[in-house]
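A short write-up of the structure that comes next.
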Amino acid sequence: MPILNANNITYQLDNGRVLFDNVSFTLTKSRIGLVGRNGVGKSLLASILAGQTAPTKGTVSTTNSLAYFHQQSEVLDDDTYTVAHFLDSFDVLNAIERIEKGDCSPLLFDLVGDAWDLKNQLSRQLKDIGLPDEPFLPCKQLSGGQFTKLRLWKTFNSNAALLILDEPSNHLDSDSKEWLLTRIRQYRGHVLIISHDRILLNNMEEIWALSSTGMKIYGGNFDNYLDQLNIEKHATDKQLAAVIKQKRNIEQQSQKNIEKAARRASQGNKLRHSGSQAKVLLDKKKDSATASTAGRIRNEQQRQNQINKREQELKNKQQQNTPQSIVFADVQSKANRVISLIDGVLPKGSSVPITLFINANDKVHLKGRNGVGKSTLLKTIIKEYTLKSGELTTNTPLFYVDQHFSLVQPNLSVLDNIITQCANLSVVKARTLLAGIGIRNDKVFQNAHTLSGGEKMKVAMLIAANQPTLPMLLLDEPDNHLDIDAKSVLAIALNQYQGGFILVTHDEGFSIECNLTKTIVLEHE
């Protein structure tokens, strides 16, 4: 019996847009990669498969033993919610502490049972996976990568028969990505991964490609999928060319038939006026010709409808491979020093003093392991945080894009997000820019909360790209959530940006594509 079976799954948004229609598939392989462009509905499909969201139509049958790792977009602000809370161990650890302080309530002893060494055990386990070894540490104090790793660790420890992991490598540094890959390889159950990470996808046995035209399954890993996709693309291009040629031939033949019928009608009229043939015979010929013409027109119309339908199907298929673009405002910059930090000690993360100097045109790769303080440094530069010590000077406009695309207002339409945050940008220009990232037609009027994570990040980058002041961009893992094509599009756009930026990314391939001119590495103590 298959571990998961989906039958004719359909999902329709509140605005009437259908994300996917009558999608059916069966999971039998141990390692599956689900891919597709941003906004096609991958995360929503994962939520449906995990039983978190009901489909508009269709059914899903799956094992009762399932664990679901979803994308974490919200920011933790609760100072009292600790690692122990997250790991469902707080009550036992709290009971141990109270007993050690002299509380002899029988209920506390019942709660602890035989778990007297739980704190030491958890501390060792957390340390072994590279996280702070304090179970009572508030989760808020963990970096995005550290909290992602903690969530993944808990998911793997569920030992469920099926794991559904939605973008599990987002926020992870290179060591943590290697840890993730090892856990996936060693896991005894089935794993379905939604990802744009080539390394993860190349360790899959099967690739499921979701698009607006449905789901297609490819055997082998991601490289095999790309090879097959390339073959399909060439075949689609040839088929579309043949259909367009056939359509042109039909139109030409139709025009010839119209001209031929007109000539016959003209000849009939001449005979009628000359009186050389009986009117009854001419009327009979006219009725026969009219019937013949009507039948021919019906046949031509049917053929035309069929060829138009086929042409549209092929164009829709071809559109899946149409490149997108992020266009930056054409503003010139000055090559002066814009950020100076001397012996700065961050309020969180590493306590090693930082000294750096950044010029207006510098394209900086900010590197460091999870928890070292990369996001904290960016937030310190924009004055959201204050240095413990040291001196920070900035003399340029700054624009910060965080990991959670916070500048995209969820209750504003996509178009209004662009118009209100990009001064002097017309509606026509804004719609053109949005079409470049795949948001077209009525979709521009949807509230931003309806977009996928990848689409929100593309909108956020579009807003950053079209600021009239040519700011220094502070980009905190902007490639998270982006599909593989969108990453390349963003890299091209950043190459063309006339100003400077500081980029945090753990994707070495993406950083190479961006042609960065300077590297700054934050070190742990």
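The values are calculated or read from the model by the stated rules, or taken from the named source; none is laboratory data. Everything quoted here is computed from the prediction, not taken from an experiment. Neighbour counts run over all protein chains shown; Cβ positions are idealised from the backbone, glycine included. The accessibility values were calculated without ligands, DNA or RNA, using every heavy atom of the protein model including side chains. Shrake-Rupley method; radii C 1.70, N 1.55, O 1.52, S 1.80 Å.
May I ask you to verify whether residue 472 is open to solvent by less than 30 Å² (accessible area, probe 1.4 Å), of a type outside the set (Gly, Ala, Ser), touching a residue at least 12 places away in the same chain (Cβ under 8 Å) and in contact with a Ser or Thr (Cβ under 6 Å, 6 or more places away or on another chain)?
Yes; evaluated as a whole, the condition is true for this residue.
Given the conditions (1) crowded, with 18+ Cβ neighbours inside 10 Å; (2) among the β-branched types (Val, Ile, Thr); (3) under 23 Å from residue 181 (Cα atoms), report the number of the one that residue 48 does not fulfil.
All conditions are met except number (3).
Matching residues to (1) over 14 Å from residue 212 (Cβ atoms); (2) in contact (Cβ under 8 Å) with a residue 60 or more places away in the chain:
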position	(1), (2)
13	no, yes
17	no, yes
28	yes, no
34	yes, yes
42	no, yes
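Taking the residues in region 1-32 that are β-branched (Val, Ile, Thr) and over 30 Å from residue 186 (Cβ atoms) as candidates, determine which candidate is modelled with the lowest pLDDT.
The extreme case among them is 18.
Checking the structure you have, find out if any residue of region 66-82 is open to solvent by less than 40 Å² (accessible area, probe 1.4 Å) and touching a Cys at 6+ places or on another chain (Cβ under 8 Å).
Yes, some residue in region 66-82 is open to solvent by less than 40 Å² (accessible area, probe 1.4 Å) and touching a Cys at 6+ places or on another chain (Cβ under 8 Å).
In this structure, is residue 366 closer than 30 Å to residue 447 by Cβ and open to solvent by less than 40 Å² (accessible area, probe 1.4 Å)?
Against the criterion (closer than 30 Å to residue 447 by Cβ and open to solvent by less than 40 Å² (accessible area, probe 1.4 Å)), residue 366 does not qualify.
Identify the single condition in (1) in contact with a Leu (Cβ under 8 Å, 6 or more places away or on another chain); (2) over 14 Å from residue 421 (Cβ atoms); (3) open to solvent by less than 10 Å² (accessible area, probe 1.4 Å) that residue 463 does not satisfy, given that it satisfies every other one.
(2)
Restricting attention to region 470-478, does a residue exist that is over 17 Å from residue 399 (Cβ atoms) and not acidic (Asp, Glu)?
Checking region 470-478: not a single residue is over 17 Å from residue 399 (Cβ atoms) and not acidic (Asp, Glu).
Would you call residue 200 surrounded by 17 or more Cβ atoms within 10 Å (Cβ to Cβ) and in a strand (DSSP E or B)?
no
So, residue 212, is that one in contact (Cβ under 8 Å) with a residue 12 or more places away in the chain and under 20 Å from the mean Cα position of the chain (by Cα) or not?
For residue 212, the condition - in contact (Cβ under 8 Å) with a residue 12 or more places away in the chain and under 20 Å from the mean Cα position of the chain (by Cα) - is met.
Matching residues to (1) under 26 Å from residue 452 (Cα atoms); (2) among the small types (Gly, Ala, Ser); (3) touching an Asp or Glu at 6+ places or on another chain (Cβ under 8 Å):
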site: 358; (1), (2), (3): no, no, no
site: 363; (1), (2), (3): no, no, no
site: 367; (1), (2), (3): no, no, no
site: 387; (1), (2), (3): no, no, no
site: 395; (1), (2), (3): no, no, no
site: 406; (1), (2), (3): yes, yes, no
site: 414; (1), (2), (3): yes, no, no
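Specify the residue that is nearest to the chain's Cα centre (by Cα); the eligible residues are those in region 10-29 that are open to solvent by less than 50 Å² (accessible area, probe 1.4 Å) and not β-branched (Val, Ile, Thr).
19
Evaluate the following for residue 164: is it within 24 Å of the chain's Cα centre (by Cα) and open to solvent by 50 Å² or more (accessible area, probe 1.4 Å)?
For residue 164, the condition - within 24 Å of the chain's Cα centre (by Cα) and open to solvent by 50 Å² or more (accessible area, probe 1.4 Å) - is not met.
Given 240, 192, 229, which one is assigned to a strand (DSSP E or B) and either out of contact with any His (no Cβ under 6 Å at 6 or more places or on another chain) or more than 30 Å from residue 307 (Cα to Cα) (or both)?
So the residue among 240, 192, 229 that is assigned to a strand (DSSP E or B) and either out of contact with any His (no Cβ under 6 Å at 6 or more places or on another chain) or more than 30 Å from residue 307 (Cα to Cα) (or both) is 192.
Filter region 217-233 down to the residues that are open to solvent by less than 70 Å² (accessible area, probe 1.4 Å) and hydrophobic (A, V, I, L, M, F, W, C), then identify the one that is modelled with the highest pLDDT.
Per the stated criteria, the residue is 222.
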